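The values are calculated or read from the model by the stated rules, or taken from the named source; none is laboratory data. Bear in mind that the values here come from a model prediction, so they are computed numbers and not experimental data. Using ideal geometry, Cβ is built from the backbone for each residue, glycine included, and neighbour counts are taken over all protein chains shown. These area figures cover heavy atoms from the full protein model, side chains too; ligands, DNA and RNA do not enter into them. Shrake-Rupley method; radii C 1.70, N 1.55, O 1.52, S 1.80 Å.
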Amino acid sequence: MQVVQTIAECRAARKQVERLALVPTMGALHEGHIALIRHARNLEAFVAVSIFVNPTQFGPREDFTKYPRPIEEDLSKCRDAGADLVFNPPPGEMYGSDAKPILIDIPHLTDSLEGKHRPSHFRGVCQVVAKLLNIVQPSTAVFGLKDFQQFAVLRAMVELLDFPVEMVGHATIRETDGLAMSSRNAFLSPIERRRALAISRALFAAKEQYIEHGINQTSRLVATMKQILLPPASNALTADGDLGRVPVSIDYVAAVDAVTLSPVEVVREPTLLAIAARVGSTRLIDNVVIGEV
Ligand code: AMP
């Protein structure tokens, strides 16, 4: 496995092969990322992973500086998962010392959900992924559906700007108890870790209400999710932190069309159920899809 830090080295390594798959990441790799790398291996004979904590997608009060950066562990995980090339540029390599703003915006997909709560987030994501696609020039790029809106936005960017790359979405990888894997889970205390479980439980419960009981009004599904996230005080956490029933702080609980990301009143497959919530100071997102995307 080759590890490169400059754009020039990355382009030179890329030239050695005709086709390759790219898995863009911000590092602090977990089984979710590894699944993407393994999937990429099945799609292309050569796999590149980028590891870059992209400053332009973090808001001013977000966790850019404290975002974990365990680069040596990440490299060995990439090696074990079968990556051929890792592109790990320092911020200066990507943006220079005097980066001018550039805006790629796709308002019909970025105005809702994450975009509403993190106003410049997707501009930063589009900026860095556009650069990575131009630098690495992959034939295939693999993304996780844990960040469902991100995938929708990037797929639209690639289509609308004619990037010659096939975009592949991969199912969310979860811990055995259902918590979606995330680099930010490392910030959770053991008690917060239990409280965070309410997020996946809420999503699964709402999906089950639809599948098992045919409840298709999204207001009822959203109410179910909120009830699990914000249980009545009588269910609150016991002193030893058991039950995981202390409310998390909700950013949004939404039911939207999984293609247009517009709110729907009645489930019309595919419908996306999505939650963003803060557990302590850690902001987590998760989603499930009803139907096929
Ligand atoms: P990040 O390092 O958080 O920017 O994520 C890099 C890529 O891994 C993105 O395409 C994410 O959607 C994907 N990813 C993160 N967590 C998971 C997960 N639990 N399951 C599947 N993909 C994931």
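For Arg11, the solvent-accessible surface computed with a 1.4 Å probe is close to 100 Å², ligands and nucleic acids excluded.
Quote the relative contact order of the chain in percent (integer), defining contacts as alpha-carbon pairs under 8 Å separated by 6+ residues. Write down the numbers at each step before the final one.
Values: 518 pairs, mean separation 48.2, N = 293.
It rounds to 16 percent for the chain.
Among Asn185, Asn42, Asn88, the largest mean-square fluctuation in a Gaussian network model of the chain (Cα springs under 10 Å) belongs to Asn42.
Think of it as helices only: each DSSP H run of n ≥ 4 in the chain is worth -39500 (n - 2.57), and spread over all residues that comes to -11500 deg cm²/dmol at 222 nm. Excluding same-chain neighbours fewer than eight residues apart, the lysines reachable from Lys15 by a Cα-Cα span under 20 Å are Lys131. Segment 126-181 and segment 1-25 have their alpha-carbon centroids 17 Å apart.
When you have a sec, figure out the Kirkwood radius of segment 2-170 from all distinct Cα pair distances and drop it here in Å to one decimal? Here the Kirkwood hydrodynamic radius works out to 16.2 Å.
Rounded to the nearest 0.05, the FRET efficiency derived from the C-beta distance between Phe64 and Arg174 at R0 = 35 Å is 0.85. The Cα trace of the chain gives Rg and Dmax of 19.5, 63 Å, the first to one decimal, the second as a whole number.
For Lys226, the lysines whose Cα comes closer than 25 Å to its Cα, not counting residues fewer than 8 places off in the same chain, are Lys116, Lys146, Lys207.
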